[in-house]
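Please read the structure below before turning to the comments.
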Amino acid sequence: MKRRKFIQNASLSSLGVVAGASVIGCKENKEATSTLASEEVTSNTIVKPLVIATWNVNNATAKAWEALQQGKSALDAVEQGCRVEEADPKNQSVGYGGLPDRDGRVTLDACIMNKDGDYGAVVCMQNIMHPVSVARKVMEDTPHVLLAEVGAEEFAVSQGFEKTNLLTEASKKAWEEWKKTSLYKPIINIENHDTIGMLAIDKNGDISGACTTSGLAYKMAGRIGDSPIIGSGLFIDNEVGGATATGLGEAVLKTVGSFLIVELMRNGMSPQKACEEAIGRIIKKNPNYEDFQIGYIAVNKKGETGSYSIHEGFWVTKYVNDKNTNTASEFYNKK
Ligand code: SD4
């Protein structure tokens, strides 16, 4: 019964596919674009170094900035930045302290992508606090790009990563509370949206990105979202720029959102407009878009940035010109 309830409720936020044209040019997007135009860089100067990340993650962007200031690569910066959130037990949707799946297991997804278009990822991995670093090892030290579950964990251990119980008392308590109803219902911006997606440009102007999460709270065992999947949760093309996502992964996966944003930028669109278009595609295909949140951030080769979400409440942290700032993202659903 509980299981059925879970699946029924989960399907509330699954996606009804409707053939849809591009949303560019619709009223909401025009308004949003004009509001954000001032954020875009109009000169030919390249803004670097730069770090941008999903949500309010000032400690993480500060760590990444510190790495960039030391002359480290964008790849080092995003890895080190993401590790800050992975180690923070208060962030209940990433790494240590992440909320578990419906059976009480904390399973982590992460990926990383470098300036050469190399990519590494781990999915559904337990007991290792820093999946982003394991993802980097997969990228650099194996002939593969993606390792799952026990294989990922065993690989991590073979590389010297320590095993840790990732289920904190606070997350265990929250799960036990949830079990009383077993009701799966994503709540916009509240339930578990703190997944960190981070993009950086280093002093050489090279771009890398990473994304790490414990996924949706109380998900079905084995469920994997967009965050570790190339092109969905993250995509980097060093000639063009990068993008990353947060929110209900199923919707991002079905539209390959981060790849879409990078391709739109390749064709001349600003990061801001490209994020709006990617959200627009999701809105067109999901009549139930009011029920879930998605947020995208993007950066192009010039260091211009953009962000857009379905609903109010998505925040972005950006470290540039020695300033670490949080900004509320523009959003589609203006009631
Ligand atoms: C997922 N996109 O697993 C992730 C969840 C997320 O903030 O972004 N939470 O679907």
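What's the local net charge at V240, with K and R +1, D and E -1, over the other residues with C-beta under 10 Å away? The partial results should precede the final answer.
Details: positive: R266, K301; negative: D237, E239, E263.
Neighbour charge sum, excluding V240 itself: -1.
For region 240-318, the share of alpha carbon pairs falling in successive 10 Å distance bins from zero is 21, 56, 22, 1 percent.
Which ordering of I128, I297 is given by a fewest-first count of other beta-carbon atoms within 10 Å?
Ascending number of Cβ neighbours within 10 Å: I128, I297.
Region 23-328 gives an Rg/Rh value of 0.95, both radii derived from C-alpha positions and Rh following Kirkwood.
Peptide packing: for 53-64, 86-97, the average count of neighbouring Cβ atoms within 10 Å per residue gives the ranking 53-64, 86-97, highest mean first.
Quick one: net charge of R266's neighbours, Cβ under 15 Å, K/R +1, D/E -1? Taking every other residue near R266 into account, the sum is -2.
For a protection proxy built on the mean count of beta-carbon atoms within 10 angstrom, sort 167-179, 135-147, 263-275 highest first, please.
On the way: 167-179: 14.5, 135-147: 18.3, 263-275: 21.2.
Top to bottom by mean Cβ count within 10 Å: 263-275, 135-147, 167-179.
Counting only lysines at least 8 places from K90 when in the same chain, those with an alpha carbon closer than 20 Å to its own are K63, K163, K172, K173, K219. With kT/(6 pi eta Rh) evaluated at 20 °C and eta = 1.002 mPa s, and Rh the Kirkwood radius from Cα pairs, region 213-275 diffuses with a coefficient of 179 µm²/s according to Stokes-Einstein. Of the Cα atoms belonging to region 181-301, the radius of gyration and Dmax stand at 14.4, 52 Å. The label-point distance for E312 and K334, in a model that sets each label 7 Å from Cα toward Cβ, rounds to 1.2 nm. What does the charge add up to near E149, with Lys and Arg as +1, Asp and Glu as -1, over the other residues with Cβ less than 15 Å from its Cβ? Cβ neighbours under 15 Å give a net charge of -1.
Each reported figure results from applying straightforward, stated rules to the coordinates on display, with no laboratory input. The model shown is predicted, which means the values in this text are computed figures rather than measured ones. For neighbour counting, all protein chains shown are included, and Cβ atoms are generated from backbone atoms with ideal geometry for every residue, glycine included.
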